[in-house]
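Below you'll find the structure, written out as structure tokens, and then a few comments.
Nothing in this text is a laboratory measurement; each read-out follows from the coordinates by a stated rule. Quick caveat, the model's predicted, so the values are computed rather than measured. All Cβ positions, even for glycine, are placed from backbone atoms using ideal geometry, and neighbour counts span all protein chains on display.
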Amino acid sequence: MRLAPQSIPYRALQKVSGFVVVAFFVVNSNDWGLPLAVGVAGAMLLAAFGYETAYYRRFDYELTADTLDIASGVISRREREIPYRRIQNVDVSQSVIQRAIGIAAVDLETAGGSSTEGSIRFVSPTEATRIRREVQRRKSGAGGESGTGSDTDDPATAGASGGSAAAETELFAISPKELALVGALSFDGRLIGLLAFLSSGSFPVLSGFLPDADAAALTATALVAVGGLFLVSWVLGAGVAFSNYYGFRLSRAGDELRYERGLFRRYSGSIPTEKVQTLTITDNPAKRALGYASLAIETAGYAPGQNGDQGSQSAVPIAAADRVYGLAREVESFGDPSFERPPKRIRWRYAFRYALAVAVFTGIAFAIDWYLAADLPRFGPLVLLLAVPPAAHLKWTHRGYWLGEDHLLTRNGFWSRTVTVVPYYRVQNVIDSRTVFQRRWGVATIVADTAGSGSLTGNEAAAVDIAVDEAVTLREALRERLHEAVSARRRQRSGFEWVEGDRGGEAPEAGDGTPDDDAGATARSAATTDAVTEADASRDGETDSDADAATVEANAEEPPDDGVIRPDFAGSDRDYSEPAERVDTGDYAVDRFPSDADVAHRNEGDDGDIARDAASADHAGGVSGAGSGGSDSDDSDDDDDSAGSDGDGGDDHG
Amino acid sequence: MTAQSLHPRVRVVWILRAALVAALVSLPFAAAAYLGYAPRWSAVAAGGVALVVGVAHAVLKYRRWSYEIREDALYLDRGVITQVRTTVPLVRIQHVDSRRGPVERAVGLASCVVYTAGSRGADVQIPGLTPSGASDLREELKRLAIRADGEDAV
């Protein structure tokens, strides 16, 4: 498939328009004359058009049965295949100009790599929608039981996975009131940060003018300036938020979530629910007072800092708190959390910390006063000490964690309170860290690390400052529940109980005993690993071919990653296409037909017939042999061979 | 397997690193002394203090470091100022590296890095192994990860 032809001029202009304008003015102002300037600009544009035409001709994407193939590149060429199962989210965006000329950008994210893995720029909007739906349909086709992915399988699945509008249920649509609230509660602090950064260098210069002016006028000007700055920041933030979240809509279609939003630049996309890593519910004091909260849905798709400006693509910007929790439960049913707070003594730690901060602040104020010889109240910041106990208490109140049925929930922060929902199944590793100060108070921090992008930006699920023994319990509980979740998934995935019992069962069962008798479990694990290493050593001691065979066997245990479930025969190296060899079991011969390859196709009658036939044939041969041997015993000298063979047969039979 | 400690020679690696840091710390002091802004002994003192702290840290770090492979997870316990205990479930292991940096090669050591899909994935590094120990550990972890038969959950 090709890109939209309109993308050639758009891409060309997008790339070089800035350069062209600059080059035009530079050349024009250097007395070389207008014709040359026009010529240079034209040449650049022409080169860009040429390149983009080549890019267009080279770019080719194709939706195959189980991968999305993209071949691209003019100078260095690249062919990329992305398995549908590995696609995390599909995002479509359109700016105003792109909408005007009818093109859209499609971005496909996988968990690997540092940038967007599949970037198709640009196709027509209908094609973008088609790609999104096809990817979704083929993914569910590849993952589910209908591996063929045929179009008209049966009406139910076709309706659900075909992604028709009818199957889509709306979860959330932003109302004008909520949109206004989003704007009102958005505050873009970057401008202030920038100005503070710029002015920090010029402070000594400014201070030269300070003593001349009237103190009151100075403070008034400062206040007005700061107020104006806040106002501008606020308006900017409101505008950005308004245009970002205008017309926000989140809906669910089958097993994927769809969103769309944006005033000038339209964003839309889909997230498979099975790819959701964590949910983050945030609020701040203002939102809490009004009863609102925000929700972000995280996948492993986005690389760090990739879309920091736009925020999480699929965040519900604001909604009534109970609705946000309802939405979150729709995605991950985590029940009703009741958070476990850190020990009360930890409030002293926070109080101490804040008091220290106030002290440092006072010291700075003192230093400024001394340096400027100004007559400002030196110990003014000490008033803040009054705020320390409530601040410490609030910090403590808003901390906590909760172990649910299938999820870990953590809560942190007062000004920006974040509740993170982590399904146990998504936990990648568990980190228990204790700083020097935490050890003094006998507390620890447990972080449940996931592959979600939120943990890269500091929004990780952390149970902060919980008592040490509790931390150890939590750590072990997380590990254990992860294993339960993994084996539950495996059971669900395989559907064969006997496969499960055969190999998956042993590890979690052994794990169950660990918290109860740690020493015992350790001893046991020591024993098993010792046994394992011994086995390895013995394997290593053997010849190369044996070692290879062992490796092959070990590799064969890993199920092929195509979604097809095969029974596990890796335990033996028997060739199942051949009948099993007969083993002499004495009288205890149970299975007369050990070749289980044709058991399924044989019925009772056949069995009996075959057995009877075999027996009667044998018997007949034996009888005839014996008979002939017996009757011809007199002239046995004539035909030595036949008599000998017959006699043997008779003996054997008897 | 009981908790394993690192090879004692890893302290050499860490002490060398501490010496490098100490040299870097003393550099501005030396420059200041050269330009006449600071007495000469300040560079020596700064370097000495940094070296003593670094060596003490290296020794304590070695004492603290331990790792253990249990039946379903890899446990690491480390850190002097901030003690960190990491649990890496074997089902979550993506791939395992054994690596040898120039300093490690010089003292005949190697390290083993375990990757998960977690955002802190590459953090799990076990230093101070013998070269054969590192590749054995790599193979062992690979085998256990295959046996654990997990999905990456991404």
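Neighbour counts of C-beta atoms inside 10 Å place B:Ile146, A:Ile466, A:Ile70 in the sequence B:Ile146, A:Ile70, A:Ile466, starting with the fewest. Per-residue Cβ neighbour counts within 10 Å put B:Val113, A:Val135 in the sequence B:Val113, A:Val135, beginning with the fewest.
Of the DSSP H helices in chain B, those with a Cα length along their own long axis of 27 Å or more and a mean Kyte-Doolittle hydropathy reaching -1.0 comprise B:10-34, B:41-64. Dividing the convex hull volume of the alpha-carbon atoms in region B:66-148 by its residue count gives 92 Å³ per residue. Averaging 1/r over every pair of different alpha carbons in region A:24-97 and inverting the result gives a Kirkwood radius of 15.9 Å. Mean per-residue shielding of peptide A:416-429 is 3, counting Cβ atoms of other chains within 10 Å of each Cβ.
Among the listed pairs A:Lys15/A:Lys275; A:Lys15/A:Lys287; A:Lys287/A:Lys344; A:Lys275/B:Lys61, those whose Cα-Cα separation exceeds 31 Å are A:Lys15/A:Lys275; A:Lys15/A:Lys287; A:Lys275/B:Lys61.
Backbone amide hydrogens, once placed in the peptide plane, bring B:Gln4 within less than 5 Å of B:Tyr67, B:Glu68, excluding anything fewer than 5 places away on its chain. For the Cα trace of region A:1-58, dividing Rg by the Kirkwood Rh returns an Rg/Rh value of 1.11. Between B:Gly47, B:Gly79, B:Gly36, the residue with the greatest mean-square fluctuation in the GNM of chain B (Cα pairs under 10 Å linked by springs) is B:Gly36.
Cβ-to-Cβ counts within 10 Å put A:Ile97, A:Ile346 in ascending order as A:Ile97, A:Ile346, the fewest first. In region B:10-62 the Cα-Cα distances spread across 5 Å bins starting at 0 as 5, 25, 24, 17, 12, 9, 5, 2 percent of all pairs.
Projected onto its three principal axes, the C-alpha set of region A:346-393 covers 40, 13, 8 Å, listed from the longest axis down. Fraction of C-alpha pairs exceeding 17 angstrom in region A:1-138: 65 percent, rounded to a whole number.
3J(HN,Hα) along region A:476-488, derived from phi through the Karplus expression 6.51 cos²θ - 1.76 cosθ + 1.60 where θ = phi - 60°, amounts to 5, 4, 5, 4, 5, 5, 4, 5, 4, 5, 5, 6, 5 Hz, with x in place of Gly and Pro. Once you have the Kirkwood Rh of region A:355-486 from its Cα pairs, apply Stokes-Einstein at 20 °C and 1.002 mPa s and quote D in µm²/s. My calculation gives 125 µm²/s for D. For chain B, the relative contact order is 21 percent, taking Cα pairs closer than 8 Å that sit 6 or more residues apart in sequence and dividing their mean separation by the residue count.
After finding the eigenvalues of the alpha carbon gyration tensor for region B:1-125, what semi-axes result from the square roots of 5 times each, listed largest first in whole Å? Over the Cα atoms of region B:1-125, the semi-axes work out to 37, 14, 14 Å. Scalar couplings 3J(HN,Hα) for region A:268-276, obtained by applying the Karplus form with A = 6.51, B = -1.76, C = 1.60 to θ = phi - 60°, are 8, x, 9, 10, x, 5, 6, 9, 5 Hz; x denotes Gly and Pro. Taken along its principal axes, the alpha carbon cloud of region A:221-372 reaches lengths of 67, 45, 33 Å, longest axis first. Here the Karplus relation 6.51 cos²θ - 1.76 cosθ + 1.60, evaluated at θ = phi - 60°, turns the backbone of region A:6-19 into coupling constants of 5, 5, 5, x, 5, 4, 4, 5, 4, 6, 10, 4, x, 4 Hz, with x for every Gly and Pro.
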